[in-house]
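A quick write-up on the structure given underneath.
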Amino acid sequence: MHISPPYYITGKDGKPTGFAIEVMNEVATRAGIKITYQPSD
């Protein structure tokens, strides 16, 4: 049985992490833009 990680979560350090975050960071890098994440409840 293979368990996939969630699309995104807030890590122990309070920063968002996960597949969706990694993809968005790569898109931003390639586009030459900076992204700021603002987690909410």
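General observations
- Count of residues meeting criterion [open to solvent by 70 Å² or more (accessible area, probe 1.4 Å), in a loop (DSSP other than H, G, I, E, B) and either among the charged types (D, E, K, R) or modelled with pLDDT of 85 or more (or both)] in region 1-27: 3
- Total residues in region 28-41, condition open to solvent by 80 Å² or more (accessible area, probe 1.4 Å) and at pLDDT 90 or above: 5
The values are calculated or read from the model by the stated rules, or taken from the named source; none is laboratory data. This structure is a prediction, so every number in the text was calculated from the model and none was measured. Accessible surface areas use protein heavy atoms only, side chains included; no ligands, DNA or RNA. Shrake-Rupley method; radii C 1.70, N 1.55, O 1.52, S 1.80 Å.
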